[in-house]
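The values are calculated or read from the model by the stated rules, or taken from the named source; none is laboratory data. Keep in mind the model is a prediction, meaning the values are calculated, not measured. Note that each Cβ is placed from the backbone with ideal geometry, even for glycine, and that neighbours are counted across all protein chains shown. Heads up: the accessible areas ignore ligands, DNA and RNA and are worked out on the full protein's heavy atoms, side chains in. Shrake-Rupley method; radii C 1.70, N 1.55, O 1.52, S 1.80 Å.
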Amino acid sequence: MSVDWTEAYVDHYARFFLGAPDATHLFQLDEARPPIQILTYDRVVAGCRLFASLGFSLYAPEGCAPAEVVCPVDAGGEAVPDILANALFHIATRSEPLTLSWGSTLDGLEHVNPAFAKKYKKEALYFTDPYGFPDEFAHVLADTGGIGRMYLAMFLSKKEHAFLREHQRDAFEEKLEEKGVDPYDVRRKSCV
């Protein structure tokens, strides 16, 4: 029996976000590939708008757990659906697909949305375990026993991205903790 991952993630979001999204943005590359939706929730994280992907799980490479992404932000929300969908399509449709995992990054935001990148001085997305959510939010359980993953996307400055590439994930996460970085604050200064 195959897993309906879209249904599993919709149920997961309804459970943790207490209801339906406030808005939905639909993105599609072409008719042959499934769309990716970016759902918007305004009352999940205080002072933030939360964006959650739906449909990226359908692109999971063979043998990899399906995954979706949440991205809470305190500003710049009008640009996030397009940025997030673009990033997820890029990850999913490369000739050698990238596997989304803890510590993955994707740079080039200045090419996707130059105004956002310039205004907030952010050039990359960093994918990590969800901050500020209950532990069980990180795993999505399907009725048939399959397990999917949730990741948090946060925006990085050029210096933060360079530090991460040089020192790797663990050192970067230690730096975030040491500096008390709020991952949802897109207006924050670089922590390095």
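For the stretch 55-65, a tally of residues being modelled with pLDDT of 95 or more and open to solvent by 10 Å² or more (accessible area, probe 1.4 Å) returns 1. Of the conditions (1) in a loop (DSSP other than H, G, I, E, B); (2) under 18 Å from Pro130 (Cβ atoms), Gly19 fails just one. Which one is it? All conditions are met except number (2).
Out of the residues in the stretch 144-160 that are outside any loop (DSSP other than H, G, I, E, B) and more than 16 Å from the chain's Cα centre (by Cα), state the one that is surrounded by the fewest Cβ atoms within 10 Å (Cβ to Cβ). Going through the qualifying residues, I end up with Ile147.
With respect to Glu96, determine if the residue is modelled with pLDDT under 95, closer than 18 Å to Thr6 by Cα and loosely packed, with under 14 Cβ neighbours inside 10 Å. In short, no. Quick one: would you say Val181 is more than 18 Å from the chain's Cα centre (by Cα) and either assigned to a loop (DSSP other than H, G, I, E, B) or surrounded by 13 or more Cβ atoms within 10 Å (Cβ to Cβ) (or both)? Judged against the criteria, Val181 is not a match.
Applying a threshold of 9 Å to beta carbon distances and a minimum spacing of six or more residues, or different chains, the list of pairs starting in the stretch 163-192 at a residue that is farther than 14 Å from Leu125 by Cα and ending at one that is of a type in the set (Gly, Ala, Ser) and in a helix (DSSP H, G or I) reads Val192/Ala162.
Here Leu141, Leu109 are screened, and the one residue that is touching a residue at least 12 places away in the same chain (Cβ under 8 Å), open to solvent by less than 50 Å² (accessible area, probe 1.4 Å) and not hydroxyl-bearing (Ser, Thr, Tyr) is Leu109.
Residue check: is Val69 more than 30 Å from Gly145 (Cβ to Cβ) and crowded, with 19+ Cβ neighbours inside 10 Å? It is false that Val69 is more than 30 Å from Gly145 (Cβ to Cβ) and crowded, with 19+ Cβ neighbours inside 10 Å.
None of Leu54, Leu39, Leu26 is over 23 Å from Phe163 (Cα atoms) and over 15 Å from the mean Cα position of the chain (by Cα) except Leu26. For residues that are open to solvent by less than 90 Å² (accessible area, probe 1.4 Å) and of a type in the set (S, T, N, Q), scanning just the stretch 1-50, find the one that is nearest to Cys71 (Cα to Cα). Of everything passing the filter in the stretch 1-50, Thr40 is nearest to Cys71 (Cα to Cα).
Looking across the stretch 127-138, the residues that are in contact (Cβ under 8 Å) with a residue 40 or more places away in the chain and either farther than 13 Å from Asp11 by Cα or open to solvent by 10 Å² or more (accessible area, probe 1.4 Å) (or both) come down to Phe127, Thr128, Pro130, Tyr131, Gly132, Phe133, Pro134.
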